[in-house]
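The values are calculated or read from the model by the stated rules, or taken from the named source; none is laboratory data. Remember, it's a predicted structure, so these values are computed and weren't measured experimentally. Neighbour counts are summed over all protein chains in view; Cβ atoms, including those assigned to glycine, are modelled from backbone coordinates with ideal geometry. In case anyone asks, the SASA skips ligands and DNA or RNA and just uses the protein heavy atoms, side chains included. Shrake-Rupley method; radii C 1.70, N 1.55, O 1.52, S 1.80 Å.
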Amino acid sequence: MKLFRSIPLLGWIVIAIVLGILLGPVMPAWLGGVFLTYNSIFSGFLGFAVPLIILGLVTPAIAELGTGAGKWLGITAAIAYGSTVIAGLLAYGVSRWLFTASMAGGGLRELGDEGGSGFAPYFSVTAAPDGAATEIVLSPVIDVMSALVLAFVVGIGLTAFRSRVIFRGAVEFRTIIESLIRRIIVPALPLFIFGIFLDLSASGAALQVVGKFLLVVIVSFALTLVVLLLQYSVAGAMSGSNPLRALWNMRDAYFTALGTSSSAATIPVTLASTKRNGVSDSVAGFVVPLCATIHLSGSMVKITCFSIAVLLLTGGDVSFGAYFPFILMLGVMMIAAPGVPGGAIAAAAGLLVQMLGFGEAEVGLMFAAYIALDSFGTATNVTGDGAIAMIVNKLTRGRLGEQAQQGADEEVELIDGAVDQRHSLG
C-alpha cells in the first residue's frame, strides 16, 4: 500500500498509457466495455463539474486581485497576463509551423474510432439526451461561457463593493472546488486515461498518436526555454542588465521548482534568486508571491502546443481567427488555475470543449500530455516571475508607494491563507 501511495501522479499516468497500449488488442469486448463505461461516467461528471470549476476558481481570483489594489497590483497583473498571452501566441505560431506538415490530415477525425475498437459502454452519461435507452442525462447547471461571464460579473462586483460575506463565500466555494479536483477528479484520471488508450490501441491508433506526440513534447520543452529568454531579454533591456546573467541568477528557483513541482513551495528560493538581480526587498516581496498564482506562461505553452496537435490530428480548425479567442480566455483561466497536479488543465477543460470542440478522448490526451511536462512548466512559471519582478522594479524605481505596499501585504495574506489549497504547479 505504501508503495502505491509513493508513486506520483505522472507515474500512474505512464503506467496507464503503457497498459492501455499493451492490453487493447487482447482485451475481451465485455471487459473493454466496463472501462469505457467508467470513461463515460467520468466524462459526464467532468462536463457537469467544469462550469462549477470555472465559477469557483475565477470569481475569487478576480476578487483577490482587486482587494486593496493599488495601481501596481493592477499593473503587475496586466504584465503577467500579457506575458502568458504572448507565450501562447509564440506556441501557436511555432506549432502551426512545425506540426502542420506531419500531423495535418492524420485521419483521426475522432480519436479511437479509426477502424473501430469493438468496445462499447454498457450505458453512457451525457449532457444532451438523444433518445437512447442506455443513456443517463447529467446536464450542467450552467454552461461554460455563462459560468465565465457570471464569474467576471461577481468577481468585479466584489472588488467594487467589498462584500465580506460574499467574498468569504466565494473563497470557501473555491476550497470545495479545489477539494473536488484534488480528491475526485485527479485520482480518477489514470483509469480514465487507461480507458482512452485501451480504446485507441484496440482501434490501431494508439502508436500513431503516441509517436506524433513525442515531437510535441520536445517542442514544448524547447519553447519554455525560448519564453524565458524572451522574458529576460525584455527585463534586461528595461533594467539595463545582462539578460543571460539575470536568467542564470534564477537557476536555483528553476531547479527547485523542477524538483518540487510547486510554485508556492519555491517562493523562498524565488525571492532570494530575484534579489540577486538587484530587485528591492519590497518589490520582490510584492511580485513573487502574487505571480506565483497568476503568472503561468509555461502552462500556456504546454496547453497551446498539445491542443494544436490534437486539432491537427482530428481535422479541427487551427486558423488564427478561431484559435486566438481561446488564447485570450485561457490566459484568464491560468490566473485562476488551482495548484494541484493537473489543476490547470482541469480548469482549462471547459474551454477545450466549448471553444475547440474537444471530446472525451481529446481531453484525456490533454490531461496526459500536460501532466507529463508538469514540472518543466512550473519551473518556467517561477523563473519568469523573476523577469516580471525586474520590470516592476524598474517601473517603481525599487520603491512601492504606501498604497501599493498595503495592497501587497493584503495580497500576501490572501495567498498565505490559501497556499495549502493552491500549490501552483503550472
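Cβ-Cβ distance of Ile184 and Leu31, R₀ of 22 Å, FRET efficiency by 1/(1 + (r/R0)^6): the value works out to about 0.35.
Spacing of the modelled spin labels on Phe255 and Ala120, each 7 Å from Cα toward Cβ, amounts to 5.7 nm. Surface composition of the stretch 266-389: carbon and sulfur atoms hold 64% of the protein heavy-atom accessible area at a 1.4 Å probe. In terms of overall dimensions, the stretch 132-231 has a Cα radius of gyration and Dmax of 20.9, 57 angstrom. Positive-end ranking of Ser146, Phe173, Val210 along the dipole of the stretch 146-222, with charges on Cβ about the Cα centre, is headed by Phe173. Distance between the pseudo-spin-label points of Ser102 and Ala237 (7 Å out from Cα toward the beta carbon): 3.1 nm. A crude spin-label estimate for the pair Thr175 and Thr159, with each label 7 Å from Cα along the Cβ direction, gives 2.5 nm. Full extension of the chain between Ile15 and Ile218 gives 71.0 nm of extra length, using 0.36 nm per residue less the Cα-Cα distance.
Given 0.36 nm per residue, what is the gain on full extension from Phe152 to Leu89 after removing their alpha carbon distance, in nm?
Contour length minus the Cα-Cα distance gives 20.3 nm.
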